[in-house]
Amino acid sequence: MEEKSSSRIMSDDEFMKLVKLAQTKSDVEAMNAIFQYFDQDIKRLSKLLRMPKEDAIQSMKTQLLELIMKR
């Protein structure tokens, strides 16, 4: 059974608040919280890409940042 950390629990309202802060105020802490929220998924998915793990992680984080910063 997979253990879930409490940092992965976030309401939709909390998540959207972080997204708005990242978009409107370029809040670095909000963006870091979003990256932290998706960290486990990014690491798991990086194993499926045919590139070095660190490159895959960086690429996914860059894409996530671009997606969030688009309005």
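The values are calculated or read from the model by the stated rules, or taken from the named source; none is laboratory data. Remember, it's a predicted structure, so these values are computed and weren't measured experimentally. Here the Cβ is made from the backbone with ideal geometry for all residues, glycine too, and neighbour counts use every protein chain on show. Each accessible area value is taken on the protein alone, full model and side chains, heavy atoms only, with ligands, DNA and RNA left out. Shrake-Rupley method; radii C 1.70, N 1.55, O 1.52, S 1.80 Å.
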Cut-off under 16 Å on the C-alpha distance; same-chain residues fewer than 8 positions from Lys20 excluded. Which lysines are left, in chain and number order? Lys70
How long, wide and thick is the chain, going by the Cα atoms along their three principal axes, in whole angstroms, largest first? 35, 30, 17
Cross-link candidates for Lys43: which lysines have Cα within less than 18 Å, leaving aside residues fewer than 8 places away along the same chain? Lys4, Lys53, Lys61
Give me the number: length gained by fully extending Ile9 to Glu29, i.e. 0.36 nm times residue separation minus the C-alpha to C-alpha distance, one decimal in nm. 5.5 nm
D (µm²/s, integer) via Stokes-Einstein for segment 14-53, Kirkwood Rh across alpha-carbon pairs, 4 °C, 1.567 mPa s: value 116 µm²/s
For Lys70, what accessible surface area do you get with a 1.4 Å probe? Give it in Å², rounded to 10. 150 Å²
Please compute the modelled spin-label separation between Glu54 and Met16, points set 7 Å along Cα→Cβ, answer in nm with one decimal. 3.9 nm
